[in-house]
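The values are calculated or read from the model by the stated rules, or taken from the named source; none is laboratory data. Fair warning: this is a prediction, and the values are worked out from it, not measured in the lab. Cβ coordinates were reconstructed from backbone atoms using ideal geometry, including for glycine residues, and neighbour counts include every protein chain displayed. Areas reflect the complete protein model, heavy atoms only, side chains present, ligands, DNA and RNA absent. Shrake-Rupley method; radii C 1.70, N 1.55, O 1.52, S 1.80 Å.
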Amino acid sequence: MPAPTIPYALPELPDERRLAAADEFIASITTRRTCRHFSDRPVPRELIERCVAAANLAPSGANRQPWRFVAVDDPGLKREIRRAAEAEERENYDRRFPDEWLEALEPLGTNAEKPFLEIAPWLVVVFRVDWEWHGGEQRKNYYVPESVGLACGFFLVACHLAGLATLTHTPSPMNFLRDILGRPKNEKPFLLIPVGHPAADARVPDLRKKTVQEVLQWNR
Ligand SMILES: Cc1cc2nc3c(=O)[nH]c(=O)nc-3n(C[C@H](O)[C@H](O)[C@H](O)COP(=O)(O)O)c2cc1C
């Protein structure tokens, strides 16, 4: 049965105001960068909850919201996660990554050492939920990676607008996160996102972004 409907309208604005709003958003998001050097300065739990609330408003296939956000600040858990992530990353850098991938990573200066996993005040682990129990039956979710990716995008933007630094981290394979965090079998780790404040001496690679002309085509 279709859901009941409610009215939907957006504020009427002159086009100049719309352009100004878009420009303002671009200006604020231009300073978002992936941070790999965190300080241990605490971040209140409420702030993490608000950013997850923003993520939770993302569109999702059939509105299933096929995500679970696990926010970790327990030092013992962070230590376990660091240890397991570094073990996977050592395999990745020493054996599993093909030369082409190592070359692609070279400008970022990353390696198997992940001290930020203990230093950042929060590790937000995002799980994809491919199916859920519904009325005693397993019910499949739809467009799961697309949906979870969008929710993560909302989360990263919410953190940035709240003045928090993030790192989109994938120490793959990431099944150790399900084991360490005691999550059920229908939850699969998707991203590991340290959240906090940049270290006082934090630096980021000076990367070039494609221009809008390079990524946008009008019609054919
Ligand atoms: C799906 C995904 C996985 C990523 N995995 C890692 C990672 O494991 N380690 C890391 O240091 N950065 C990782 N990154 C961050 C990218 O390297 C970074 O977004 C990219 O270099 C662009 O830099 P910027 O985010 O500062 O604009 C990942 C980003 C994405 C979107």
task: Report yes if THR30 is modelled with pLDDT under 95 and within 19 Å of THR168 (Cα to Cα), otherwise no.
output: no
Only one of ALA104, ALA151, ALA84, ALA112 is out of contact with any strand residue (DSSP E or B) (no Cβ under 6 Å at 6 or more places or on another chain), in contact (Cβ under 8 Å) with a residue 12 or more places away in the chain and part of a helix (DSSP H, G or I), namely ALA84
Just one listed residue, out of HIS169, HIS160, is within 13 Å of the ligand (Cβ to nearest atom), closer than 17 Å to THR34 by Cα, open to solvent by less than 20 Å² (accessible area, probe 1.4 Å) and of a type outside the set (A, V, I, L, M, F, W, C), and it is HIS169
Would you call ARG220 more than 16 Å from the ligand (Cβ to nearest atom), closer than 22 Å to VAL52 by Cα, open to solvent by 60 Å² or more (accessible area, probe 1.4 Å) and out of contact with any Gly (no Cβ under 9 Å at 6 or more places or on another chain)? no
Considering residues that are in contact (Cβ under 8 Å) with a residue 12 or more places away in the chain and open to solvent by 90 Å² or more (accessible area, probe 1.4 Å), the number found within the range 180-213 is 4
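Residue-by-condition table, conditions (1) free of Cβ contacts under 8 Å to residues at least 60 places away in the same chain; (2) assigned to a helix (DSSP H, G or I); (3) open to solvent by less than 90 Å² (accessible area, probe 1.4 Å); (4) small (Gly, Ala, Ser):
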{"residue": "GLU12", "(1), (2), (3), (4)": "yes, no, no, no"}
{"residue": "ARG17", "(1), (2), (3), (4)": "yes, yes, no, no"}
{"residue": "ARG32", "(1), (2), (3), (4)": "no, no, yes, no"}
{"residue": "VAL43", "(1), (2), (3), (4)": "no, no, yes, no"}
{"residue": "GLU46", "(1), (2), (3), (4)": "yes, yes, no, no"}
{"residue": "VAL52", "(1), (2), (3), (4)": "no, yes, yes, no"}
{"residue": "GLN65", "(1), (2), (3), (4)": "no, no, yes, no"}
{"residue": "ARG68", "(1), (2), (3), (4)": "no, no, no, no"}
Inside the range 176-187, the number of residues satisfying the requirement of being away from the ligand (no atom under 15 Å from the Cβ), in contact with a Lys or Arg (Cβ under 9 Å, 6 or more places away or on another chain) and within 21 Å of ALA120 (Cα to Cα) is 1
Subset of the range 105-157, residues more than 14 Å from the ligand (Cβ to nearest atom), hydroxyl-bearing (Ser, Thr, Tyr) and either open to solvent by less than 10 Å² (accessible area, probe 1.4 Å) or closer than 15 Å to LEU192 by Cβ (or both), comes to SER147
